[in-house]
1. If you count only protein heavy atoms with a 1.4 Å probe, what accessible area per residue comes out for segment A:118-245, rounded to a whole Å²?
2. Let me know the shape class of segment B:268-399, please: from the alpha-carbon gyration tensor, a ≥ b ≥ c as square roots of the eigenvalues, rounded when a/c is under 1.5, otherwise prolate if a/b is greater than b/c, or oblate.
3. Hand me the tally of lysine pairs in segment A:118-245: alpha carbons under 28 angstrom apart, and the pair either on different chains or 8 or more positions apart.
4. On a 18 Å Cα-Cα criterion, which of the cross-link pairs B:541/B:616; B:252/B:279; B:338/B:507; B:507/B:616; B:252/B:507; B:200/B:252 come out too long?
5. Taking only C-alpha pairs under 8 Å that are 6+ residues apart, what is the relative contact order of chain B in percent?
6. May I ask you to rank B:367, B:372 by accessible area, largest first, using a 1.4 Å probe over the protein chains only?
7. Using a 1.4 angstrom probe on protein heavy atoms only, which residues from segment A:51-66 are buried by at least 50 Å² of accessible area when all chains are present rather than their own chain alone?
8. Quick one: pull the percent of accessible area on segment B:268-399 belonging to carbon and sulfur, 1.4 Å probe, ligands and nucleic acids left out.
Amino acid sequence: MRLTLEVWRQLDAQTAGMFETYEVPDASEHMSFLELLDHLNESLVRDGQEPIAFDSDCREGICGMCSLVVNGVPHGPQRATTVCQLHMREFNDGDRIVVEPWRAGPFPVIRDLVVDRTSFDRIIEAGGYVAVNTGGAPDANAVPIGKDEADIAFQAAVCIGCGACVAACKNASAMLFVSAKVAQFAHLPQGQPERKRRVRDMVGQMDREGFGGCTNTYDCEGACPKEIPVRFIAEMNRGFLAAKITE
Amino acid sequence: MKLDSRVPTGPLESKWERHQFEMKLVNPANKRKFKVCVVGSGLAGASAAATLAELGYEVDCLCFQDSPRRAHSIAAQGGINAAKNYQNDGDSVYRLFYDTIKGGDFRAREANVYRLAQVSENIIDQCVAQGVPFAREYGGHLDNRSFGGAQVSRTFYARGQTGQQLLLGAYSALARQIGRGTVKMYPRTEMLDLVIVDGKARGVVTRNLVTGAMGRFAADAVVLATGGYSNVFNLSTNAVGCNVTASYRAYKHGAAFANPCYTQIHPTCIPQSGDYQSKLTLMSESLRNDGRVWVPREADDKRDPREIPEDERDYYLERKYPSFGNLAPRDIASRSAKEVCDEGRGVGPGGRGVFLDFADSIQRLGESSIRERYGNLFEMYGRITGENPYQRPMRIYPAPHYTMGGLWVDYNLMSTLPGLHVLGEANFSDHGANRLGASALMQGLADGYFVIPYTIGHYLASNALPKVDTDHPEFQAAEGRACEKINRLLAVQGGRTVDSFHQELGKLCWDYCGMARNRDGLSKALELIPQLRSEFWENVKVPGSGAQFNQSLERAGRVADFLEFAELLCYDARDREESCGGHFREEHQTGEGEALRNDDDYCYAAAWEFDGVGKKPKLHKENLVFENVALAVRSYK
């Protein structure tokens, strides 16, 4: 395949970035999108240029590190797929492909396509856990949890923390990410004692980080590689309100 | 170097309990005066850092990923073993212990494995208390499934992403401590050297991967939880960032490296499709329950597999191992696939692949049943290969997956360097020559939650640890060494990329030290590796500078270490004149092609001591004493 890539290049958060155009004359349809970038980088390095910086690690769709906007869509055109699992056969010979980083104030660019997502970690640190020390836990079967509730908790727990929901949102809202963690614990008995405190503290931190609010366009759900549903946002809003008025 | 395993005396069942009592404690008020540096934030590192902070120690934790939640433990699929006996099917601590020793081909230390089985129960309790959503029955109780190497159902799981859920549990415990200020977390930070002061590990030197700034972390004890070294093969199921650098640099300071030749090659991975490939993807072993493995009977048969008639196919596992058939153990299945491909009968691009065919199962059970069982795996396969596995057989090939070898540790998980503790896949302790499925997660969390919190207290309470500052000459020297290495890498400015060296090294290790090894091949590899290393240092091209975000430089440092480590791997493989577990020496097999162990001469852990780059390391032996389990032949017939 012959492809033309328009790739965002940016030295650091302080320096303005710009698109650079690269021709890839010999891509294979079996390459993953990241392998296409590897391939391009090899030729850039051989030509004495600096390679394009981008994040990735597991390359099997679970670590959440890869984070590219491809043709305007976080993780690219294939639904329920991280960009590391997106393969070039989804594109056509001769295509022009635009590659950008996640764009959101709380995700400042580190270099090229790499952004700083530590704001997500700080939201979890504010309350995304069950406060239990190691040791002394009761027997795992002491508290039965109905399969239906456990399945809902699981559906929320699959979040990989990639940030595609934020990148997709015109408000740069992190509410799908935050609500997934809130919902995981809200649907489990272990999460009940801190339920109110958790939603209040996590939403508070989300606001302090500068993420926007939700205006129900649902782009986050469409971009989520794990298809986490937006109804968790509604659940979180109810929980947040309940926590506030009973404070 | 003296290897003292510090295994407590007395009956197996009470060793750990008695040891816990006999170890010294640190007074609660004094714990905050001790600082521990934890390198790595996977299951072992995150659980250790969180638990040590809960106890009151001051903890620094570093990882090279952008968040501790992304460590490679997250990619584990199948499950985690625990001797809960919830299924009432005869499981017990002793049975889990026995299965693990036997599965490891009798090359692990009994006392460590028994302790692992003992604490396995606590792990499940702890994870459930954290809100880990394990699979459940309608009645609300935890579900189990069975896994290879066991005749009981003791594996707890969370769909096909157990590792993710367990890691997010440990990460949440860690995040709680970070929020409280008891753990200082340093993501995008890579350990480049270990600092030894007066013979004790007292800190690490790091590089900030964003700014390129060097960092110094002083501590009273150092914990390495930095994973395995499968990426020495370049292509493996590991994340692309996984590396041996932290372990290897500790080894160069005198920490013994044990059993590097014990590497696990997983039989069911998606084959390589081209030279551009960056990693191999694992397909769950469970597929072999319903898929039949075959290759064409004749070499170079390029026909569409559906057009190859039944009598021109070779279902080689069913033919060679009639009783186990397609469910032959990992090492056997992997080696058999290699054999048929070596004969020219492999399928797909490059001829390195075998068919895993579901046509019979689909005919027998219907497509919907197969979709129900394996739908997500079939979808993943389709996404990666562009082929529809419901219509044509999958192509699979073995790939490096896990490394049982690692830094040698005693019963307290301390290496031969005082103060340097090693947890999880980075150590060598529990899996012998072969790891059973669903035991890696168990070991990582056992080490972090339930072993190191006790044993590190004993170390801190029993040793005089005068305060060491980061301006100590040893810190300056370590930073100097790390900087010098970076500058050397940047100065070469040759004509070959880092990745091209990694590819060549990986192929070399795979060809000569992969699924089957022999003395001549290993000797050949030991000639070729130093040549490749010399070329690397003369001809590698690393663009950019050290004072910036520079992924080529990161990779260059890791590949430079793999280029030295590969020699250690091959020395160990050549030295061990027997076949056991993941180490198969072609010279040592039965008439039927089975692994032939040599208990008379090799019933020891080989702990290697660094003696200079390019020189054969010194071998030290820890004889393995089996007081409770009788050495037996692992048979699959």
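1. Details: 5020 Å² over 128 residues.
Ligands and nucleic acids excluded, the result is 39 Å² per residue.
2. Details: a/c = 1.29, a/b = 1.07, b/c = 1.20.
Note, shape of segment B:268-399 comes out rounded.
3. Lysine pairs meeting both conditions in segment A:118-245 amount to 11.
4. On the way: B:541/B:616 28 Å; B:252/B:279 28 Å; B:338/B:507 14 Å; B:507/B:616 22 Å; B:252/B:507 25 Å; B:200/B:252 14 Å.
Cα-Cα > 18 Å for B:541/B:616; B:252/B:279; B:507/B:616; B:252/B:507; rest within.
5. Details: 1362 pairs, mean separation 127.4, N = 637.
Across chain B, relative contact order equals 20 percent.
6. Details: B:367 75, B:372 165 Å².
Per-residue accessible area, sorted high to low, gives B:372, B:367.
7. For segment A:51-66, once contacts with the other chains are taken into account, A:57, A:59, A:60, A:62, A:63, A:65 lose 50 Å² or more.
8. On the way: 2540 of 5650 Å².
Using a 1.4 Å probe with all protein chains present, segment B:268-399 comes out at 45 percent carbon and sulfur.
The values are calculated or read from the model by the stated rules, or taken from the named source; none is laboratory data. This one's a predicted model, so the numbers in the text were calculated from it and none came from an experiment. Cβ: placed from backbone, ideal geometry, glycine included. Neighbour counts: every protein chain shown. Calculation scope for accessible area: heavy atoms of the full protein, side chains included, ligands and nucleic acids excluded. Shrake-Rupley method; radii C 1.70, N 1.55, O 1.52, S 1.80 Å.
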